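The values are calculated or read from the model by the stated rules, or taken from the named source; none is laboratory data. These numbers come from a predicted model, not from an experiment. So basically every Cβ, Gly included, is an ideal-geometry build from the backbone, and we count neighbours across all protein chains shown.
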Amino acid sequence: MNDLIDDPLPGQNLPEYTVSEISGEVKRTLEGTFGRVRIRGEVGRVFKARSGHLYYDIKDDRNVLACTTWKGQVAALSVVPEEGLEVVVTGRLTSFGAQSKYNLNVDEVAVAGQGALMALLEKRRKQLAEEGLFDPGRKKPLPYLPEIIGVVTSPSGAVIRDILHRLRDRFPRKVLIWPVAVQGANCAAEVTRAINGFNAFSPGGSLPRPDLIIVARGGGSIEDLWGFNEEPVVRAVAASDIPLISAVGHETDTTLIDHASDKRAPTPTAAAEMAVPVRLELMAWLDGQDARLTHALTSGISTRGQRLRDLSRALPRVDTLLDSPRQRLDTWSERLPAALIRSVQGRRVKLYEAAGALRPALLRRAVDGDRQRLESTSARLNLRALQADTSRKAQELDRLSNRFSDVATRQIDRWRDRLVAADRLRETLSYKATLKRGYAVVRGDGAVVISKQAAAKAAALEIEFSDGRLTLDRAGKPARKPTKPKPGAPDQGNLF
């Protein structure tokens, strides 16, 4: 055989293998002997790696078989393995030589029996119910008359035809169909994408956003309807912002999305009936409401007209309403001239009495008294004393002004002396004085250089002396200043 490393030693008939060779022989023997196998057992430990690969165990009462489903195979599984579930797995036996283990590469998983499937369904229902996905408070009311209805179903089945026919009979509406697989491995993923896709539509966009979603499918076995029991579908239904009706299976079929949806319909046809009212019934109801409104308005107008006529009979005639005011006007018109004459005469008498009280002798005596009081008051005002007091206060003001000016001058002189002393101290402490004694300041790249290593790294050095600064390049030569173009030289422009 080509697997032999060397010929067998004398006296020995057994060939020698390397570890890799024997591992390869075991792998080929397993894969060649068993090929594709089906194994029944209970799912044990389940682990999904970050890479997307799925690792789990299939066990019975005595042994455990390690199973692997690669990332590309997970999406094709009709049932995802869960711990405690009894399944039938199909795949190929192989070995992993790096750990001296053999395992089963599984590409198909099926539930072992309907009892196990129902147990898994009940377990999942309790888990999602504990998370609150089935709470009645989360359910949204359905719109009375939606403008656009989104339908998630198979476009080739009888379900969509029943829904469209029922909508056309009751109340025609615009319908958006999102085609999906309603059973099989792709069912759960496609239904989830459809529900999330309808919710992602923006109101008023090029593709209108539905006001209501119907998820529909015909009847079938629990295996056929299993895609609507998957956790991603239930979570998408619970998270939908658009009201949703589930119409999966017949009236006796129940899936998990029935608990999470806003309304459950026993059949797809019943879902269409829940979505819209009957147009003829609505029109009849509107006609009845219109008749009631017309009758109410007519009765109200008639009642108010009768009340108005009753009130008008209790009122007096218009011509009799003006008789009393007209008589009062005539009476006051006759009494007005006499009243004016008496008023003028009374005011004339009062004027004569006031003029008689104003006599010239009395006015003269009053003026003389006021003049005497004025003269006595002016005599008491000594103008000389006022002038002397004013002069004294002016002198006091001049003296205070001179004192203030002297104090201000002395204060400014003290501040000037302190400023000169501080400037002399600054000059003494400044590094400029040190430069005059023969020292220099070295700068590199804008910073002060204090070591040879830093000076070697600098692109250029600048040395400051007491009389100016000198710039050196890396070669130690004075750096040239960039030449300026001569005035009037032609501009060559910029290629960029």
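For residues that are within 30 Å of the chain's Cα centre (by Cα) and in a loop (DSSP other than H, G, I, E, B), scanning just the stretch 238-259, find the one that is surrounded by the fewest Cβ atoms within 10 Å (Cβ to Cβ).
Asp241
Can you tell me which residue is surrounded by the most Cβ atoms within 10 Å (Cβ to Cβ) among those in the stretch 433-450 that are within 13 Å of Thr471 (Cα to Cα) and in contact with a helix residue (DSSP H, G or I) (Cβ under 8 Å, 6 or more places away or on another chain)?
Applying the filter and picking the extreme gives Gly444.
Go through (1) modelled with pLDDT of 80 or more; (2) surrounded by 10 or more Cβ atoms within 10 Å (Cβ to Cβ) and name the single condition Ala338 misses.
(2)
Please verify whether Val182 is crowded, with 17+ Cβ neighbours inside 10 Å and either part of a loop (DSSP other than H, G, I, E, B) or not assigned by TED's automatic domain parsing to the domain that holds Ser246 (or both), treating the condition exactly as stated.
Values: crowded, with 17+ Cβ neighbours inside 10 Å: yes; either part of a loop (DSSP other than H, G, I, E, B) or not assigned by TED's automatic domain parsing to the domain that holds Ser246 (or both): yes.
So Val182 passes the test.
So which pairs qualify, if the first residue must be in the stretch 118-129 and closer than 17 Å to Ser221 by Cβ, the second must be at pLDDT below 85 and of a type outside the set (S, T, N, Q), the Cβ gap must be under 6 Å, and the two must be at least 6 apart or on different chains?
Listed by first residue and then by second, the contacts come to Leu120/Leu85.
Of all residues in the stretch 264-322, count the ones that are in the same structural domain as Thr153 (by TED's automatic domain parsing), β-branched (Val, Ile, Thr) and out of contact with any Phe, Trp or Tyr (no Cβ under 8 Å at 6 or more places or on another chain).
Total meeting the criteria: 2.
Within the stretch 185-203, work out how many residues are surrounded by fewer than 18 Cβ atoms within 10 Å (Cβ to Cβ) and modelled with pLDDT under 90.
Selection size over the stretch 185-203: 4.
Look through Gly150, Gly197, Gly205 and report the one residue that is part of a loop (DSSP other than H, G, I, E, B) and either in contact with a Cys (Cβ under 7 Å, 6 or more places away or on another chain) or not aromatic (Phe, Trp, Tyr) (or both). Full working, then the answer.
Details: Gly150 fails: part of a loop (DSSP other than H, G, I, E, B); Gly197 fails: part of a loop (DSSP other than H, G, I, E, B).
Going through Gly150, Gly197, Gly205 in turn, the sole match is Gly205.
Scanning the stretch 451-462 for residues that are exposed (fewer than 10 other Cβ atoms within 10 Å of the Cβ) and assigned to a loop (DSSP other than H, G, I, E, B), which turns out modelled with the lowest pLDDT?
The extreme case among them is Ala459.
When residues of the stretch 145-165 are filtered for being hydrophobic (A, V, I, L, M, F, W, C), buried (at least 23 other Cβ atoms within 10 Å of the Cβ) and within 36 Å of the chain's Cα centre (by Cα), how many remain?
The initial filter retains those residues of the stretch 145-165 that are hydrophobic (A, V, I, L, M, F, W, C), namely 145, 148-149, 151-152, 158-160, 163-164.
Filter once more, keeping what is buried (at least 23 other Cβ atoms within 10 Å of the Cβ): 149, 151-152, 159, 163.
Retained after the next criterion (residues that are within 36 Å of the chain's Cα centre (by Cα)): 149, 151-152.
Of the residues in the stretch 145-165, 3 are hydrophobic (A, V, I, L, M, F, W, C), buried (at least 23 other Cβ atoms within 10 Å of the Cβ) and within 36 Å of the chain's Cα centre (by Cα).
Looking at Phe496, Phe465 in this structure, which one is modelled with pLDDT of 70 or more, out of contact with any Cys (no Cβ under 8 Å at 6 or more places or on another chain) and of a type in the set (Phe, Trp, Tyr)?
Among Phe496, Phe465, only Phe465 is modelled with pLDDT of 70 or more, out of contact with any Cys (no Cβ under 8 Å at 6 or more places or on another chain) and of a type in the set (Phe, Trp, Tyr).
Considering (1) in contact with a helix residue (DSSP H, G or I) (Cβ under 8 Å, 6 or more places away or on another chain); (2) small (Gly, Ala, Ser); (3) assigned to a helix (DSSP H, G or I), say which one Gly32 fails and leave the rest.
With respect to (1) in contact with a helix residue (DSSP H, G or I) (Cβ under 8 Å, 6 or more places away or on another chain); (2) small (Gly, Ala, Ser); (3) assigned to a helix (DSSP H, G or I), Gly32 is out only on (1).
In this structure, does Arg443 turn out to be of a type outside the set (A, V, I, L, M), at negative phi and assigned to a helix (DSSP H, G or I)?
Judged against the criteria, Arg443 is not a match.
Quick grid of which residues meet (1) over 30 Å from Glu462 (Cβ atoms); (2) among the small types (Gly, Ala, Ser); (3) assigned by TED's automatic domain parsing to the domain that holds Phe465; (4) modelled with pLDDT of 75 or more:
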position	(1), (2), (3), (4)
Ser378	yes, yes, no, no
Leu386	yes, no, no, no
Asp389	yes, no, no, yes
Leu397	yes, no, no, yes
Asp417	yes, no, no, yes
Val441	no, no, yes, yes
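Which numbered condition trips up Arg328, out of (1) within 40 Å of the chain's Cα centre (by Cα); (2) free of Cβ contacts under 8 Å to residues at least 12 places away in the same chain?
Evaluating Arg328 over (1) within 40 Å of the chain's Cα centre (by Cα); (2) free of Cβ contacts under 8 Å to residues at least 12 places away in the same chain leaves (1) as the failure.
Return a yes/no flag: does the stretch 296-306 have any residue that is in contact (Cβ under 8 Å) with a residue 12 or more places away in the chain and either small (Gly, Ala, Ser) or in a loop (DSSP other than H, G, I, E, B) (or both). Don't jump to the end; show me each part of the working.
Quick first cut of the stretch 296-306, residues in contact (Cβ under 8 Å) with a residue 12 or more places away in the chain only: none.
No, the stretch 296-306 contains no residue that is in contact (Cβ under 8 Å) with a residue 12 or more places away in the chain and either small (Gly, Ala, Ser) or in a loop (DSSP other than H, G, I, E, B) (or both).
State whether one or more residues within the stretch 37-48 are at pLDDT below 90, in contact with a Gly (Cβ under 8 Å, 6 or more places away or on another chain), acidic (Asp, Glu) and not in a strand (DSSP E or B).
Within the stretch 37-48, not a single residue is at pLDDT below 90, in contact with a Gly (Cβ under 8 Å, 6 or more places away or on another chain), acidic (Asp, Glu) and not in a strand (DSSP E or B).
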